[in-house]
Each structure stands twice: as structure tokens, then as C-alpha cells.
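Computed from the coordinates by the stated procedures, all read-outs in this text should not be read as laboratory data. As the structure is a prediction and not an experimental result, all values here were calculated from the model. Quick reminder, even Gly has a Cβ in these numbers, built from the backbone with ideal geometry, and neighbours come from all protein chains shown.
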Amino acid sequence: MKFIHSVMLTVVVLVFSTVTARADQNHIPQKSIVVGGSVELTSTTSNAQPDDSAGKKADKAGTPVSVVTDKAVPRGAVITLGERDNKNMVGVYMTAETLRRMIPLLEEDKVDLVVLRFYSGGGYLSEIMPLSDAIQEYKKKFTTVAWIESAISAAAMTAHTVEDIYFTSQGNYGACTGFGGSFDRPVVGRALEEVLAMMEVISGRGKHDPKIMRAMQISSSDEDVRTLQIAPPTGALSATIDENGDVMWFQDTTSGKHVLNPSAGRRILTFNSENAEKFKFSRGTADSLEELTDKMGYQEITWVGEKDSRFLYPICKAEKFNMKFRANTLRDEEHFREYRRSFEMNFELARGEQDKQRRGAFVAKCRQALENIKRMVRNNPNFAPQTLGVEPKDFPDWIANIEKELRELMR
């Protein structure tokens with residue numbers, strides 16, 4: 001019974017550049033191209049407190065951003081979005097469903113402030129908007145900031161939802177160019193226009209000028225843009241910093257004092273910690289919780305979770321859940337083909353076996369393989385469409401039909 005796709009991730013692929021060993025593949029859906037911690041650590045700095053008694057801190061454009069008032073020390077938690085050892089693909093190891101599952105754990109820990117630490121080379125295009133929606137939910141419940149170690153393509157496009165973005169000193173952000181299936185097949189025309197439009201929406205959510213993301217998505221060259229079969233403007237980008245320190249962005253190379261794209265022979269915008277901070281995209285650079293506490297304008301934050309010498313931050317209940325999710329996802333990604341082969345082989349053997357007792361042994365092995373698949377999808381619902389070609393909402397019916405066939409084999 002060939003009930004599972006033999007090749008994972010078989011939809012049209014939008015491939016982005018990557019800093020990890022994993023191929024960075026952003027997929028366009030075919031049908032729409034378009035730990036429980038008990039220890040609490042407190043970070044303190046010798047200077048800044050939240051700026052005023054109303055608990056507001058002015059952003060780079062002067063728009064107030066809510067923070068916890070200085071009447072109580074805020075409780076903070078770090079949630080990692082991606083990690084090393086090939087556990088960083090958007091849509092596989094970084095999912096909207098997992099973010100939502102962590103909300104009750106953060107609320108249980110009485111968290112006020114959530115730091116989303118990004119380390120990812122990209123992933124599924126189809127997961128960007130769901131992740132953005134989930135982050136919007138976080139922003140309603142917690143002060144939410146992004147801390148960029150590495151955010152490329154789908155990861156940068158996701159982080160763009162957040163208003164307050166900080167970098168590590170080695171942090172990088174972008175580029176977000178797309179290719180269909182291979183690096184010599186750029187995504188063009190309507191498909192690309194729809195991705196550009198989606199990122200204008202997400203730029204608005206994060207209060208970032210949409211010209212910035214456009215410069216990360218498409219070339220600054222007129223000739224390159226013509227081959228992409230989209231309407232102008234190009235991804236050219238320049239900026240001027242006025243006497244008040246405010247940044248004005250221009251989608252060309254002539255209007256601004258500083259040309260960011262093209263730059264140093266590259267025709268796609270990327271940020272490092274220095275230029276991100278210079279042009280006010282980043283609110284600051286921090287390599288430790290103490291530095292981050294200071295850059296965010298707090299004198300003190302109680303960081304919730306258990307100490308772990310492997311990490312810069314305590315591991316809160318939600319992050320412990322998150323790490324377990326990624327470990328389980330890696331296990332299932334590595335063993336899925338075994339689950340599939342075991343089911344298909346034993347199903348065929350059962351169907352051809354006349355002896356009921358021996359047939360029952362084969363059916364039992366089918367059920368064992370099916371339990372592995374059910375556990376895989378419970379942990380990560382995205383595996384249903386990615387490996388089975390089944391939407392999560394249809395997965396229970398899909399399982400029921402297979403179990404019905406197994407029962408019929410035992411008649």
C-alpha cells in the first residue's frame with residue numbers, strides 16, 4: 001500500500017541562501033502559488049531603567065512601545081527559533097503550532113517579556129504567515145522582542161513581524177531571494193509578486209519600512225528585475241539619517257546619502273549588526289542577557305528557568321518544551337522512511353498471507369509503524385502535508401481509513 005509520498009518536501013520549492021549545512025528550501029504550496037524551571041535568574045545593569053513611569057519606551061520612529069512598568073521587575077524568557085545541528089528549518093523545526101503550544105507554559109511562569117532568539121537559514125514559505133500570526137498573538141500577551149544570531153530568508157521574513165529587533169555582534173539578517181527547485185530557477189511573475197505583497201503586510205506588522213524587505217527579496221539591477229517579470233521598482237535602497245537621527249528610506253540609489261543596495265558588489269540587501277544598528281533597523285547589539293537587558297532599557301529583568309551551562313540563558317518551561325519538540329522532530333525526520341517502509345512491506349505481506357495467525361503478525365507490525373507516524377504528526381502537524389500529502393485537518397480521517405483496511409485484513 002503506497003500511502004505515503006516516497007520523497008519528502010515534493011511541492012514547488014522556493015530556495016533561499018543558507019548559513020547552515022541544511023539546504024534552505026522555502027516551499028510554495030502547489031494549490032496557492034501565490035524546562036519546568038524552578039530557578040529564576042535576575043539580570044541587572046548599572047544604568048538605564050524603563051524610560052518613564054507610564055512604562056513606555058520610544059521606538060526609533062518615536063512610536064511608544066509597551067514595556068513593563070518600573071513598579072515591578074519584569075519576568076523574561078528566551079525562546080529559541082532554530083538551533084544548530086540541522087534543527088533550524090522554518091516550517092519543520094520552527095512552527096506556528098509550537099509557538100502557540102508554548103503560550104500556556106509562558107503564562108504559567110508569569111512571563112512578561114519574551115525574547116525570540118533566531119538561528120535559522122530559512123525554510124517553508126507557507127509557514128511564514130502562520131508564524132507571523134502566532135507572533136502577533138505573542139505581542140498581545142507579552143512584550144516581544146527578536147534577538148538575531150542568524151536569520152536568513154524565511155527566518156528573516158518571520159522576524160520582520162517584530163518591532164523591537166536586537167542583534168548579536170555576529171548577527172546577520174537576509175537575504176530573502178527565492179528560487180524554484182534549484183538556484184538557477186528564480187521564482188518569477190505572479191508568484192513572486194504575491195510573496196512581495198505578503199511581506200509588505202508583515203513589514204507593516206513590525207513597523208518596518210517595506211522598502212527594506214523588498215531590497216532583501218529582489219535585485220537592485222533593472223535588468224535582473226525584468227527577468228523576474230515583476231513591476232518596478234527594483235530592490236535598490238538608499239537612506240539618509242537626519243540631524244535628529246531619524247532614517248529616511250528610498251527605493252533607489254540616488255535619493256539617499258547612503259547606498260545600501262547595491263553594496264560591495266552585492267545586489268541584494270543584507271544586514272549585519274553594525275549596519276542594522278547604524279540605520280536604526282536594530283535597536284542595539286548584545287551578546288549576553290546582561291547586555292540585552294541594558295539595550296532594552298531595563299535596570300533589571302528576572303530571567304525565568306533552569307540554569308544550563310550550555311546556554312547563555314536559563315531554560316524556561318516553554319523552551320524546554322521547544323527543545324524537546326525539535327529533538328522529536330529530528331528523530332522523526334531521520335526515521336520517517338523506516339516507518340513508511342515498515343508499513344508498506346508488512347501491509348503487502350499481510351495481504352498475501354493466507355494463514356490468519358501469520359497475517360496478524362504482519363498487521364501488528366503495520367500498526368506499530370502507524371503509531372510511529374501518528375506520534376510524528378502529534379508532535380509536528382506540519383509533517384502531515386510535508387511527508388504524507390495530507391492536510392492536518394484531514395489526518396484523523398486518513399488514519400481512520402488505513403485502520404479500517406487493517407481491520408479488513410484480519411477478517
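Remarks
- Among Ser132, Ser221, Ser153, Ser169, the order by Cβ neighbours within 10 angstrom, fewest to most, reads Ser169, Ser221, Ser132, Ser153.
- Highest to lowest packing among 276-289, 115-128, 330-343, 347-360, scored as the average C-beta count within 10 Å: 115-128, 276-289, 330-343, 347-360
- Cα point-scatterer Debye curve for the range 237-349, base-10 log of I(q)/I(0) at q = 0.13, 0.18, 0.21 Å⁻¹: -0.80, -0.97, -1.10
- Given charges at beta-carbon only (K, R positive; D, E negative), |dipole| of the range 155-207 in Debye: 60
- Extension gain, Asp355 to Ala72: 0.36 nm times the residue separation minus the Cα-Cα distance gives 94.7 nm.
- Against the rule of thumb 2.2 N^0.38 Å, how large the Cα Rg of the range 335-409 comes out: 1.12
- Put in order of Cβ neighbour count within 10 Å, fewest first, the listed residues Lys87, Lys320 become Lys320, Lys87.
- Formal net charge of residues neighbouring Asn261 (Cβ-Cβ distance under 14 Å; K, R +1; D, E -1): 0
- Karplus-derived 3J(HN,Hα), 6.51/-1.76/1.60, for each residue of the range 271-283, Hz, glycine and proline x: 10, 10, 5, 6, 6, 4, 6, 4, 9, 6, 6, 9, 7
- Among Arg407, Arg214, Arg205, sorting on how many other beta-carbon atoms sit within 10 Å of each Cβ, with the fewest leading, yields Arg407, Arg205, Arg214.
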